[in-house]
Amino acid sequence: MTTDATPPMEDRGKLLSQAIDAIRAVAANVSGDQWDAQSPCTEWKARDVVNHVVGGSSMLAALFEGKSWEEASGGSASIPEGGDPLAVLDAVTGAAKEAVAKPGAMEQEVQFARGPMPGAGFATLMFTDILIHVWDLAKATGQDATLPSDLVEASYAIVLPRRGQMPSPAFAAEVDVPEDADTQTKLLAMLGRDASWSG
């Protein structure tokens, strides 16, 4: 994989929507006490992983509506105590998918914590974040953690040029893997995940 395969900026919203679909598919198979299962994210249970995606997705929708970073982060959604994680996920991510699908969304300026950035840039951050949480949720709940190969290839091409520069504590330190490891294992490693993790 080379950076020549980096997906075009205009496709970043579609990639984000596909990652949302992927985590929704995994979340739909979580039930009962599985929501309290430990995830590869040290301080998060399965419910917390989905709650993080809910919060990030609601912030994205607010930013694409033109709200400031402070407004978006201050009003971000979360799963209420005793609430249905899947129902909340559907409601919030539906709005996020609509936001990135609007004409001109990828060129639109949104207010990130570090300053203005193109919509495609924020969609890219969210795409990689949500995709890696698909794996986290699947691992936590004993599901098949094989990520969609096209999304893995796209994310790997995006992350590779930033290898060793992923923000902490959002991502843990890179994990060493063999050079001949598959692309998913390499992507997980760059984002601080051990593919062999088991709860």
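The values are calculated or read from the model by the stated rules, or taken from the named source; none is laboratory data. All values reported here derive from a predicted model rather than from experimental measurement. All Cβ positions, even for glycine, are placed from backbone atoms using ideal geometry, and neighbour counts span all protein chains on display.
For region 67-79, filtered to residues that are touching a residue at least 24 places away in the same chain (Cβ under 8 Å) and assigned to a loop (DSSP other than H, G, I, E, B), the residue that is surrounded by the most Cβ atoms within 10 Å (Cβ to Cβ) is I79.
Per-residue answers, yes or no, for (1) aliphatic (A, V, I, L, M); (2) crowded, with 17+ Cβ neighbours inside 10 Å:
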residue: Q38; (1), (2): no, no
residue: W44; (1), (2): no, yes
residue: V53; (1), (2): yes, yes
residue: E81; (1), (2): no, no
residue: L89; (1), (2): yes, yes
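Looking at region 105-118 only, could you name the residues that are over 19 Å from I20 (Cα atoms), in a loop (DSSP other than H, G, I, E, B), in contact with a Gly (Cβ under 8 Å, 6 or more places away or on another chain) and not polar (S, T, N, Q)? Matches in region 105-118: E107 only.
Give region 165-179 a look and list any residue that's modelled with pLDDT under 80 and either buried (at least 16 other Cβ atoms within 10 Å of the Cβ) or among the β-branched types (V, I, T) (or both), or say none. Result: M166, F171. Examine region 130-138 for a residue that is among the aromatic types (F, W, Y) and closer than 23 Å to A28 by Cα, and state whether such a residue exists. Yes, region 130-138 contains a residue that is among the aromatic types (F, W, Y) and closer than 23 Å to A28 by Cα. Checking each residue in region 23-34 for being at pLDDT 95 or above and either buried (at least 20 other Cβ atoms within 10 Å of the Cβ) or assigned to a loop (DSSP other than H, G, I, E, B) (or both) picks out I23, V26, A27, A28, N29, V30. When G142, G115 are checked against the criterion of being more than 19 Å from P7 (Cβ to Cβ) and at pLDDT below 95, a single residue qualifies: G115. For the residues L86, L125, the requirement of being of a type in the set (A, V, I, L, M, F, W, C), under 21 Å from A154 (Cβ atoms) and part of a helix (DSSP H, G or I) singles out L125. Of all residues in region 115-153, those satisfying the criterion of being charged (D, E, K, R) and either in contact with a strand residue (DSSP E or B) (Cβ under 8 Å, 6 or more places away or on another chain) or buried (at least 20 other Cβ atoms within 10 Å of the Cβ) (or both) are D136, K139. Tell me whether region 191-199 contains one or more residues that are touching a residue at least 40 places away in the same chain (Cβ under 8 Å), closer than 27 Å to E70 by Cα and crowded, with 16+ Cβ neighbours inside 10 Å. Yes; the residues of region 191-199 include at least one that is touching a residue at least 40 places away in the same chain (Cβ under 8 Å), closer than 27 Å to E70 by Cα and crowded, with 16+ Cβ neighbours inside 10 Å.
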